[in-house]
Amino acid sequence: MVDVALQSSRTATAQAGRKRAGLRNALRRKSMSAFLMTLPLILLIAVLVIYPALYSLHLATLNKAMTKFVGFGNFEFLFKRETFWLVVKQSCIFAISAVVFKALIGFIVAHFVHNVPANKQRKWRGMLLVPWVIPPAMSTLAWLWLFDPSYSAFNYTLSFFGLGPIPWTGDAMWARFSVILVNVWYGAPFFMIMYLAALKSVPEQLYEAAAIDGANWWQRIWYVTLPMMRNIIAITTLFSLIVTFANFDIVRILTAGGPLDHTHIFATWAFRVGIEGSDIPLGASVSLFMVPILAVAAIFILRDITKRGNES
Amino acid sequence: MSRKKLSRREFVAATALSSAALITAPYVRGAYAAGKLSMGFWDHWVPGANSASTELVNEWAAKEKVEVQLDYITSQGNKNIVTIAAEAQAKSGHDIFQMPTWWPQSNAELLEPVNDIMDPLIKLNGDVNGTVKYLGQADGKWLGVPASVGSQIKGPCSRIDLMKKYANIDVQEMYPAGSAPKADNWTLDTFLKAAEACHKAGFPFGIGLGETSDNVDTAGAIFQSFGAQLVDAKGNLTVKTDAVRQSLEFYKKLLAFLPPDVAAWDDASNNKWLVAGKGAMIMNPPSAWAVAKRDAPQVAEQCWTHGFPAGPKGRFAPYLPFFWSIWSFSKNKEAAKSLLSYLSQPASIEKMVVASGGYDLPAYEKLTTLKVWEEVGPPKGTLYHYPNPFKHQTLSIAASPAPPKVAQQIYFQATLTKMCLRYYQGEAMEKTLAWAEGECEGFMRS
Amino acid sequence: MSTVTIDKSGPTRKVKYGSMSRDRTWALRWSYFFLTLFAIFSLVPPFYMLITSLKSSAEISAATNPWWVYHPTLSNYVELLTSNQFLRFFWNSAWVSIIVVTITMLISVPAAFALARMKFWGSATLATGVFLTYLIPDSLLFIPLFKMFAVFGDWTGIQLVNRWYVLLFIYPTLTVPFCTWIMIGYFASIPKELDEAAIIDGASWFQTLTRIFIPVALPGLIAATIFAFTVSWAQFLYPLVFTTSTDQLVLPVGIITTLIKGDVFNWGQIMTGALLGAAPPLIIYAFLMDYYIAGLTAGATKG
């Protein structure tokens, strides 16, 4: 094999002079240079995204010490664990409720921003987008400190109203609430900005026409705004669903999955089992469970993209 | 202050000099001179305690002409455990790693045996306790040198004033500085009554039920004092036993008197609780007191560290040793061994214990009565009973005596505290036990 | 982009239909009221970071009013900004982010150009594929990647685990697909006549890209750059898994794993660190908000 390689390289050098002109022509050829320009991208995706994704399928079939093939053994093991089903349930609760609230708040706030005079919009938009700009790991630290059992600033404030202390991260329900709250806080501005962009692209004449027809506020939203924004709402929601579903940092920093595993979601549990617990195959199996959900979302988005492609 | 420390160090050093020379001598071969050695040590919780190990390592490095790289790795957020897992997978990293409790056992195949330095060290410093042997030895092979740094007893640290006022317990009388404890009445029942009284008065005990080691350790000691084990030494499941039921019942009663969010507590929460002056007792080594000394001196003056309450099956105190282990992929094992035995000389150990304000507990018998525990304050004598000088409590670790690899999972997954919480939150006893049994079965997975 | 939209919304206010103008003033008041509420909600955590960062640990442990500083001090800032460790985190983060941005642009701009303009066999599929990889989250890939790099180290002796530069290989998987996608959108909006004319004049494809497309699509390029920078600056999971030694850590992981110590609470310092960690994206955002938003919305309006 080495011989062959040498051989070919020698011939290559011999012909190099003659080839150079040919190469230049080839580069001029559209498809060749286009291919070369996309090559780094293709390599990156193949080696660092597609290969590891397939590799995790392989890992998921090994035993804990990674010495022998166990087929679906890890999945069988997982299916028997109460904690696993808890994680599945919580991931769904977490992703769905967080996305719904983000979308709702984003929609409402976008309307308010759209309502105020144009010259003041920039300022409001600037303030409201801050949560999205701060790296979530950093802002979650602030939340962690706001929720601290002994020093919670929220509980301090609530105590003036005779309320609390609320176990923000101590009680299963409150902990889920806190985790979702932080996620909504972080993600709602993204929806807001998307919807705002969409709102602005709705032609004003449509509203005028609706107003002349006597449509009230609700009707205008229902019959004009929503249909016009449908695409953006769909895409943003799907995007956010994926990102929220796969979230790691907020839960990890705020509760690390506790209390009693009641806030673990796929990513944090996979980390706990796979990296902290040194059980890489089991961790890989856990994160693979995100795939079906992601696949559904991907199909929807894909359909949308191709539709759009056909239209243009 | 540093001069005083030095002079005592020299004194001890002189007495140990002959034997020390014997131990270190065989390794001074120059084979590793100018080599490199990297170590990942535990990031100490007592402010300023890292400096003693840094100094010792640098002294050794200067003497042996070895280039050293010293990292301090915190155990908060399981950072050290993640690091161990990463280095074990990558088969590269530090030469020496300071591993907590179970981790030498779980990485046994990847660690260099250190019997050749442990045997002389035991001869020099005295024998080590059973927990150290259980955790540090596999098939007669020492997996690491017990590190005095970070090794700790997590007994109660009580507020003298609050305990006296509300629970009618004089902890200083019960555990007088300088003499043997008079703690026969200090049982789990008394403890529970005190917890109730302090809760009523608005200063509940700060005992966490989260998933980190402080929480698990307390639960471990209480389970043991009822004789409860989830998995026995042979690896049989013993979850559904009366001892376990009794422990859960006890915890159910106790939990009613704890702060409402203890389920989310980590290793820092109980310290904050004490330092903020919110509770009458926490279960913690003296780091909380040390921080209070810095940030809230009026609280520190009222702190008293003492022994654990006794249960029906004896008096157990959570003991949490660390080990300095050498990775088998280390390229400079001889130098590593030389450093470890240097760090384990009585003088070095005392220096580190002093720097930690008495927090660190040497594993060796002859070194449990250092002066520092008598001296530090305020209040003077607050740490006198911390190192268990009268051996009136059994030092043990949660989930022992199960086979270490299973016990590690029980410990790390916090099965004990999770059981207590589940039962407390209204789950039926047998359901909780069945859940725990399922978990333990899962832990036996290889 | 935003200027265009602002113009569009301008005329709406001039439209008045009798009683509707009173409705509008009320609607406006309600809008301001709720916007204020939401703005407070948005700004509480960063405000609290700032407040706490100005407190000494004695003041924090005294549990005084958490929303106010009685004895403001800059000692936390001084301590962090003179700590070698913290500066190391900062520089690691800065280097990683800058290099990743460069790599991302070098890969995604030519690729986007090729995919937008030079239709070739499979280019449509590839464009969709690029978009889909953006949907594969880091939390699915971290375990296989971790094992992959460990095995790679075993085979070749080249150790990548626990080296900050391993992040240079991994972060582009997060940034490149999205930046490529943004750039495809921008390039596609450039009139075809431009590049056709250039090609007829004898310019090579490469020249067409650098002389025509990049200057014209500069706003998109800036938006993509900002996106790549903020993503690499904020990444948490990958550096948490791949780097452990304190001298290899980037800022978010460094702050969370070394400043938070079990028994010692130095929350003043932690909040200071968090604030300093949040500063670079915030500063970029403050100056380049419109580009930032353009980059953000590009995914939806163009893709």
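Observations, loosely collected:
- Against chain B, whose longest principal axis comes from its Cα atoms, helix B:79-90 is set at around 50 degrees.
- Pairwise inverse Cα distances across the stretch A:188-274, averaged and inverted, put the Kirkwood hydrodynamic radius at 15.8 Å.
- Kirkwood hydrodynamic radius of the protein assembly as shown, from inverse mean 1/r over distinct Cα pairs, in Å: 31.4
- Beta bridges from DSSP with both residues in the protein assembly as shown: antiparallel share about 60 percent, rounded to the nearest 5.
- What separates the Cα centres of the stretch A:218-247 and the stretch A:28-91 is a distance of 30 Å.
- Pairs exceeding a 31 Å alpha-carbon distance, out of B:Lys36/B:Lys366; A:Lys80/B:Lys240; B:Lys331/B:Lys371; B:Lys293/B:Lys418: B:Lys36/B:Lys366; B:Lys331/B:Lys371; B:Lys293/B:Lys418.
- For chain B, the longest principal axis of the alpha carbon atoms and the long axis of helix B:188-201 meet at an angle near 70°.
- Alpha carbon centroid spacing (whole Å) that separates the stretch C:68-111 from the stretch B:321-339: 34
- Descending semi-axes in Å of chain A, equivalent ellipsoid built from Cα gyration tensor: 44, 35, 19
- On Cα atoms only, tilt of B:115-125 relative to the major axis of chain B in degrees: 70
- Shielding by other protein chains, C:231-241, mean Cβ within 10 Å: 5
- Straight-distance crosslink candidates among lysines, where the alpha carbon sits under 22 Å from A:Lys123 and sequence neighbours closer than 8 are dropped: A:Lys102, A:Lys200, C:Lys8, C:Lys14
- Most to least packed among B:406-417, A:69-80, C:210-221 [average Cβ atoms within 10 Å]: B:406-417, C:210-221, A:69-80
- One decimal place: the segment A:Phe79-A:Lys123 gains 10.7 nm when fully extended, by the rule 0.36 nm per residue minus the C-alpha distance.
- Cβ charges +1 (Lys, Arg) and -1 (Asp, Glu), total dipole of the stretch A:222-303, debye: 360
- Alpha-carbon centroids, the stretch C:114-157 and the stretch B:383-429: separation in whole Å: 45
- Peptide B:236-247 has a mean of 0 when you count, residue by residue, the C-beta atoms of other protein chains within 10 Å of its C-beta.
- The three principal axes of the Cα atoms in the stretch C:74-207 give end-to-end lengths of 61, 43, 27 Å, sorted in falling order.
- With neighbour counts taken as other beta-carbon atoms within 10 Å, the residues A:Trp185, C:Trp26, B:Trp435 rank, fewest first, as C:Trp26, B:Trp435, A:Trp185.
- Highest average first, the peptides C:82-91, B:84-93, A:135-144 ordered by how many other beta carbon atoms sit within 10 Å of their residues are A:135-144, B:84-93, C:82-91.
- Partner shielding of A:237-250 amounts to 3, given as the average count of beta-carbon atoms from other chains within 10 Å of each residue beta-carbon.
- Per-residue Cβ neighbour counts within 10 Å put B:Met118, C:Met271, B:Met352 in the sequence B:Met118, B:Met352, C:Met271, beginning with the fewest.
- For the peptides C:276-283, A:152-159, the ranking by packing is C:276-283, A:152-159, with the highest mean count of neighbouring Cβ atoms within 10 Å listed first.
- ³J(HN,Hα) computed for each position of the stretch C:141-149 - Karplus, 6.51 cos²θ - 1.76 cosθ + 1.60, integer Hz, glycine/proline x: 9, 5, 6, x, 5, 4, 5, 4, 5
- Of the residues B:Gly136, B:Phe250, B:Asn168, the one whose Cα sits farthest towards the positive end of the charge dipole of chain B is B:Asn168 (charges of +1 on Lys and Arg Cβ, -1 on Asp and Glu Cβ, taken about the Cα centre).
- Exceeding the 29 Å Cα-Cα cut-off - candidates B:Lys252/B:Lys278; B:Lys133/B:Lys278; A:Lys64/B:Lys234: B:Lys133/B:Lys278
- Taking the charge dipole of the protein assembly as shown about its Cα centre, with +1 at Lys and Arg Cβ atoms and -1 at Asp and Glu Cβ atoms, the residue from A:Ser139, C:Asn84, C:Ala116 reaching farthest to the positive side is C:Ala116.
- Dipole magnitude for chain A: computed about the Cα centre from +1 point charges on Lys and Arg Cβ and -1 point charges on Asp and Glu Cβ, it is near 1580 debye.
- Close amide H partners of B:Leu395, meaning residues 5 or more places away or on another chain with modelled amide H under 5 Å apart, are B:Ala317.
- Over the stretch C:120-274: Kirkwood hydrodynamic radius from C-alpha pairwise inverse distances, Å: 18.8
- Residue-wise HN-Hα couplings along the stretch C:271-281, as the Karplus relation 6.51 cos²θ - 1.76 cosθ + 1.60 with θ = phi - 60° gives them from phi, are 5, 4, x, 4, 5, 5, x, 7, 4, x, x Hz; Gly and Pro carry x.
- Dipole in debye (nearest 20) - the protein assembly as shown, about Cα centre, beta carbon charges: Lys, Arg +1; Asp, Glu -1: 2380
Bear in mind these aren't lab numbers, they're just calculated from the coordinates by the rules spelled out. Not measured: the values here are computed from a predicted model. Quick reminder, even Gly has a Cβ in these numbers, built from the backbone with ideal geometry, and neighbours come from all protein chains shown.
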